[in-house]
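> Got a structure for you, written out below as structure tokens; questions coming shortly.
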Amino acid sequence: MVPARRLILSACLAAPALALLSGCAARPPEPPPPELPPLPGLRRVVLVHRQSGERADVIYFHNGGYDPRAMESVNLLLRDRNTGEKAPIDPALMDFLFDLFYRTGLPPTTEVQVLSGYRSPQTNAKLVKANSQAARESFHMQGKALDFRVPALPGPALAEIAKTMQRGGAAFYPGTGHIHIDTGPVRTWKTR
């Protein structure tokens, strides 16, 4: 008699749970929420030079245009660290980075650990001699490339998202754990 009582009790307890679950199954799945647009007319990046700790937290685009003072801060932070030479950084490179964060859901306040921005021809030539993966005609020499890490996301995943954006070059370097993006032709390449 005890086993029958347990069976009835189990059935009584399970009935409300089954009713709840069957109600869930009867509902059609909810559509995903629409993508939210970025803040209208406002683009911000937070760049931190990995070795020096130097930081640029700037709203580089607002009121329909690029802010020259903010872009000057970007130019200064992304200068060639061997020669001290700075060059104008392509604002589209900052847009690529900003849109990459938007795609991943990262807030624009996410810190970007910069490894390399602008490179003078002399610095690039030294790098080509020392590293067979370095490009002789690097977009770094035109202020159109950025090598960086984002501690908040795995590098390979971030690089894959950058590749899907079709905004220029994108690759992940597993040996150093950094991502490269540039505003040159759309492409990727094998890395070590």
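> Give the distance, in whole Å, between the Cα centre of the range 115-144 and the Cα centre of the range 44-81.
Comparing the Cα centres of the range 115-144 and the range 44-81, I get a distance of 20 Å.
> Report relative contact order for the range 43-182 in percent, whole number only (criteria: Cα-Cα under 8 Å, sequence separation at least 6).
Values: 248 pairs, mean separation 30.1, N = 140.
With pairs under 8 Å counted, the relative contact order is 22 percent.
> Still on this model: Taking a point 7 angstrom from the Cα of Arg50 along the C-beta vector, which residues in the range 156-192 have backbone N less than 11 Å away?
What the label zone holds, given the 11 Å backbone N cut-off, is 173-180.
> To continue, here is another question. Quickly work out the Arg192-to-Asn82 label distance, labels modelled 7 Å from Cα along the C-beta direction, and quote it in nm with one decimal.
It works out to 2.0 nm between the two label points.
> What is the total of Lys pairs in the range 56-192 with C-alpha atoms under 22 Å apart, excluding same-chain pairs fewer than 8 positions apart?
9
> Express the C-alpha Rg of the range 43-182 as a ratio against the empirical globular expectation 2.2 N^0.38 Å, rounded to two decimals.
Here the answer is 0.98, to two decimals.
> Short version: ³J(HN,Hα) in whole Hz for each residue of the range 152-161, in order, from phi by Karplus 6.51 cos²θ - 1.76 cosθ + 1.60 (θ = phi - 60°), x for Gly and Pro, what are they?
Those phi angles translate into 6, 9, x, x, x, 5, 5, 5, 5, 5 Hz.
Read the figures in this text as sums done on the coordinates, not as results from a lab. Quantities reported herein were computed from a predicted structural model and do not represent experimental measurements. All Cβ positions, glycine included, derive from the backbone under ideal geometry; neighbour counts span all protein chains shown.
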